[in-house]
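The values are calculated or read from the model by the stated rules, or taken from the named source; none is laboratory data. Just so you know, these numbers come straight off a predicted model, no measurement behind them. Glycine also receives a Cβ, built like all others from the backbone with ideal geometry; neighbour counts cover every protein chain displayed.
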Amino acid sequence: MAPLVAWQRTLEEGLRQAAERRHRLLLLNTSALPVDALLGALWPNERQRAQVLAQSQGPLSEALGLETEGLCLGGEAPDFAERLPALAGTLRAGGLLLLHLPRDRATPFQRWLCQRLTPWAYMLQGDEDPHLHLPSALDAPSAPEATPADNGLLDRLTRALTGRGHRPALVLGGRGRGKSTLLGELAARVAHSDLAVTGPHPHSTAMLRRVAAAKGRRLRHRPPDLLLREGPLPEALLIDEAAGLPLPTLNALLEAVPRVVLATTTEGYEGTGQGLRQRFLGAFRERYREGTVWTLQTPHRFAADDPLEAALNAVYSAPEASNAPWRAPEGPGRLPQEAKEEAWTALYHCLRDAHYRARPRDLAQLFDDPTVERWVLGRDRRLRGALLLKPEGGLPRALAQAVVRGQRRPPGHHGASILGAQLGLLDALTLRSLRVQRLAIDPKQRGRGEGSALVTAARASAASQGYAYLSVSFGATEALVRFWHRCGFRLARLGHRAGNASGAPSVLMVAPLSPAAQQMMLKATPLLREELRFRLGPAGPALTAGLRTTLLQHLPGQPAPSAGAEQACARWLAGEVVLEEVGASVLWQLEKALKGLGAPAAAALQALTERLCLGAPWAKLSAALGLEGRRATETALRDALKEALREAGPTPRSVTT
């Protein structure tokens, strides 16, 4: 083996040629050189070396906002695929990232990763005689870029923080674009005395606060949950690394504080994955018509042609730049495990651009997990959709019983475990099933039946392989509940709180494929109905009126009101009694009417659902329908239910036209 000093001198000579503001990437692709020896050579100072290791191995939830001189990441870490892009952004300009990916222990993903990173990396290879390969993609250093404040954006954000309320501003951009510096300068500039700063962790706002303090304004980090729960609420608020906050918390802050400026990355490794980009951004623009969204493109903390950023973009962010991109097979189909690497990267980019839960670890799973079924849908040789299915269940009966009793929770059985542990369905754990991990359709191709075609093909394949049922869980929306119902899935469970990535409670739906699974779900229907109806009430999660009505519309089984209940509802429809006297009976008829509609419910039916399930005040319902007074509102609700019952089928005999 060549002496350590020989390649170290070569490495240092190459690094001296790089600009001060460019990151450096060293790829250790050999087992011959001990990592400890390399760490000692690169960071001789013991304290600095300890800081590098602490930053490299610390919790990812606390990484956003930190800065470090160096990182040492090994492929043996279970969260390596997530850790690499998340921590790389914490490097200061001129910092060094050391990746230890020995060839003899590398996974398929890591071997592909080495190939993609090679043009930008100093790479040590060779187990017998390690030798250094210099990067081939390094050009002359770039000139320093102007700070974000130079382009007038700071003036616009100042107006958002000091002007009329509820016109928030959102600043997006990759790592190193100067978002935190921008917010710090904004904090120092505004004269607002009641200004607060928050983010996922104190580290997330550290740079913001340092910049503000250097200009004479000292601010402390206020945890977002305590801010909402205990107050006092400020008049103005800066939120850094907003994608690291649960979406319900983010929405609550925007609603509670009149003047807000947010900044964040949206690379998928934050706490909400792609949730902010896929679920939050559209709603933000719709709700705050006078709000603004700004995107910072040019790096501020490092050079525009930084080799590390270029390398990570080639892996995680940029679509395939090949002159001959992967050509997807026509129609829906399952990809074999031995498919080309270009297929996995194309599939990942489809997920990243279209699914709110997509994260960098999905890319590693596509390469490394042979149990996952990978389905694609192609049109005109272009990839239009992707579906991932993960096998679950098939557990020994003794283990399944332990899960039902809450004593065990075997990993990798998410849907089956919910059905078993929370609903008591033992067969859900012993039967073999497939869980939908991801379904993503090109946003430009939605509404054309492509998702249904993909799910239908996968269902047929699952049944032919002997799987008993399919399951899927997702952050509930009206459109998604209706979509999966059309695909043959039935409601099984509604979560009790909003999810971090979706901002909505999760829903579990099941599609039985075998007689055993059909019998299981049939026997469970009364229990599922009661639990779901209960969670549509005040003790359940926060729901929009439209979503609550959609869930009522898709409860499993059919409503079976007694003759007395039908008569009681008929009396209300005839105006003989007020709604509160016969509410339970009207709810039965409302569900019956909704199931017969087969379409989204009208606003009046949504208002009726809110009154019956949640006890919404009449004044609130009147305002929602644009009516004055309870009498006019209750009349509108009666008329809407009468019309819906006519469309659904036979109506109570007392109902007249």
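Does segment 403-419 contain at least one residue that is among the hydrophobic types (A, V, I, L, M, F, W, C), in contact (Cβ under 8 Å) with a residue 60 or more places away in the chain, under 27 Å from Gly75 (Cβ atoms) and surrounded by 20 or more Cβ atoms within 10 Å (Cβ to Cβ)?
Among the residues of segment 403-419, not one is among the hydrophobic types (A, V, I, L, M, F, W, C), in contact (Cβ under 8 Å) with a residue 60 or more places away in the chain, under 27 Å from Gly75 (Cβ atoms) and surrounded by 20 or more Cβ atoms within 10 Å (Cβ to Cβ), which makes the answer no.
Among the listed residues Arg482, Arg486, Arg490, Arg497, which satisfies the condition of being surrounded by fewer than 17 Cβ atoms within 10 Å (Cβ to Cβ) and in contact with a strand residue (DSSP E or B) (Cβ under 8 Å, 6 or more places away or on another chain)?
Exactly one residue qualifies, and that residue is Arg497.
Quick check on segment 515-545: of everything there that is surrounded by fewer than 17 Cβ atoms within 10 Å (Cβ to Cβ) and touching a strand residue (DSSP E or B) at 6+ places or on another chain (Cβ under 7 Å), which residue is modelled with the lowest pLDDT?
Here the answer is Ala542.
State whether the residues of segment 517-529 include one that is within 21 Å of Pro600 (Cα to Cα), out of contact with any helix residue (DSSP H, G or I) (no Cβ under 9 Å at 6 or more places or on another chain) and assigned by TED's automatic domain parsing to the domain that holds Leu395.
Yes, there is a match, as at least one residue in segment 517-529 is within 21 Å of Pro600 (Cα to Cα), out of contact with any helix residue (DSSP H, G or I) (no Cβ under 9 Å at 6 or more places or on another chain) and assigned by TED's automatic domain parsing to the domain that holds Leu395.
Does segment 317-342 hold any residues that are at pLDDT 85 or above and in a helix (DSSP H, G or I), and which are they?
Glu341, Glu342, listed by residue number.
Out of everything in segment 562-598 that is in a helix (DSSP H, G or I) and of a type in the set (S, T, N, Q), what residue ends up being surrounded by the fewest Cβ atoms within 10 Å (Cβ to Cβ)?
By that ranking, first place goes to Gln567.
Working carefully through the options Arg459, Arg438, find the one that is outside any helix (DSSP H, G or I) and either touching a Leu at 6+ places or on another chain (Cβ under 8 Å) or of a type in the set (D, E, K, R) (or both).
Arg438
Per-residue answers, yes or no, for (1) crowded, with 21+ Cβ neighbours inside 10 Å; (2) more than 23 Å from the chain's Cα centre (by Cα); (3) over 27 Å from Ala304 (Cα atoms); (4) not assigned by TED's automatic domain parsing to the domain that holds Ala86:
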site: Arg177; (1), (2), (3), (4): yes, no, no, yes
site: Ala196; (1), (2), (3), (4): yes, yes, yes, yes
site: Arg209; (1), (2), (3), (4): yes, yes, no, yes
site: His221; (1), (2), (3), (4): no, yes, yes, yes
site: Pro224; (1), (2), (3), (4): yes, no, yes, yes
site: Leu228; (1), (2), (3), (4): no, no, yes, yes
site: Pro234; (1), (2), (3), (4): yes, yes, yes, yes
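So which of Gly546, Gly475, Gly499, Gly495 ends up being in contact with a helix residue (DSSP H, G or I) (Cβ under 6 Å, 6 or more places away or on another chain) and touching a residue at least 24 places away in the same chain (Cβ under 8 Å)?
Gly546
Would you mind finding the one in Pro541, Pro556 that is outside any helix (DSSP H, G or I), in contact (Cβ under 8 Å) with a residue 24 or more places away in the chain, in contact with a Pro (Cβ under 8 Å, 6 or more places away or on another chain) and closer than 14 Å to Leu494 by Cα?
Pro541 is the lone residue from the list that is outside any helix (DSSP H, G or I), in contact (Cβ under 8 Å) with a residue 24 or more places away in the chain, in contact with a Pro (Cβ under 8 Å, 6 or more places away or on another chain) and closer than 14 Å to Leu494 by Cα.
Collect the residues in segment 29-55 that are of a type outside the set (Val, Ile, Thr), in contact (Cβ under 8 Å) with a residue 40 or more places away in the chain and assigned to a helix (DSSP H, G or I), keeping them in residue-number order.
Correct list: Leu38, Leu39, Leu42.
Being touching a residue at least 12 places away in the same chain (Cβ under 8 Å) and more than 17 Å from Ala648 (Cα to Cα) is the filter here, so list the residues in segment 559-580 that pass it.
Gly564, Ala565, Gln567, Ala568, Arg571, Trp572, Ala574, Gly575, Val578, Leu579
Which members of segment 56-70 meet the condition of being among the hydrophobic types (A, V, I, L, M, F, W, C) and either assigned to a loop (DSSP other than H, G, I, E, B) or over 17 Å from Leu97 (Cβ atoms) (or both)?
Within segment 56-70, Ala63, Leu64, Leu66 meet the criteria.
Across segment 21-62, which residue is modelled with the lowest pLDDT among those that are of a type in the set (S, T, N, Q) and surrounded by fewer than 17 Cβ atoms within 10 Å (Cβ to Cβ)?
Ser31
Among the residues of segment 347-369, what is the count of those that are under 14 Å from the mean Cα position of the chain (by Cα) and outside any helix (DSSP H, G or I)?
6
Among (1) assigned to a loop (DSSP other than H, G, I, E, B); (2) touching a Pro at 6+ places or on another chain (Cβ under 8 Å), there is one condition Gly406 misses while meeting the rest; what is its number?
Evaluating Gly406 over (1) assigned to a loop (DSSP other than H, G, I, E, B); (2) touching a Pro at 6+ places or on another chain (Cβ under 8 Å) leaves (2) as the failure.
State all residues of segment 273-307 that are of a type in the set (D, E, K, R), under 16 Å from Glu241 (Cβ atoms) and either in contact with a Ser or Thr (Cβ under 7 Å, 6 or more places away or on another chain) or free of Cβ contacts under 8 Å to residues at least 60 places away in the same chain (or both); if no residue qualifies, say none.
Arg277
Considering each residue of segment 180-231, count those that are farther than 18 Å from Glu67 by Cα and small (Gly, Ala, Ser), and give that number.
Going through segment 180-231 one residue at a time, the tally reaches 7.
Restricting to segment 599-627, give me the number of residues that are in a loop (DSSP other than H, G, I, E, B) and not hydrophobic (A, V, I, L, M, F, W, C).
So the count comes out to 4.
I need the full set of residues from segment 370-399 which are part of a helix (DSSP H, G or I) and either among the small types (Gly, Ala, Ser) or crowded, with 21+ Cβ neighbours inside 10 Å (or both), in order please.
Ala398
Test Leu551 against the stated conditions and say whether it is surrounded by 20 or more Cβ atoms within 10 Å (Cβ to Cβ) and assigned by TED's automatic domain parsing to the domain that holds Ala479.
When the stated conditions are applied, Leu551 does not pass them.
If you go through segment 420-434 one residue at a time, do you hit one that is touching a residue at least 12 places away in the same chain (Cβ under 8 Å), of a type in the set (D, E, K, R), closer than 22 Å to Arg459 by Cβ and assigned to a helix (DSSP H, G or I)?
Among the residues of segment 420-434, at least one is touching a residue at least 12 places away in the same chain (Cβ under 8 Å), of a type in the set (D, E, K, R), closer than 22 Å to Arg459 by Cβ and assigned to a helix (DSSP H, G or I), which makes the answer yes.
Please go through segment 75-112 and pick out each residue that is part of a helix (DSSP H, G or I) and surrounded by 18 or more Cβ atoms within 10 Å (Cβ to Cβ).
Phe80, Ala81, Glu82, Arg83, Leu84, Pro85, Ala86, Leu87, Ala88, Phe109, Gln110, Trp112
Does Val293 satisfy the criteria of being part of a strand (DSSP E or B), surrounded by 21 or more Cβ atoms within 10 Å (Cβ to Cβ) and not small (Gly, Ala, Ser)?
The answer is no for Val293.
Can you tell me which residues in segment 421-457 are under 30 Å from Val403 (Cα atoms), small (Gly, Ala, Ser) and at pLDDT below 95?
Ala421, Gly424
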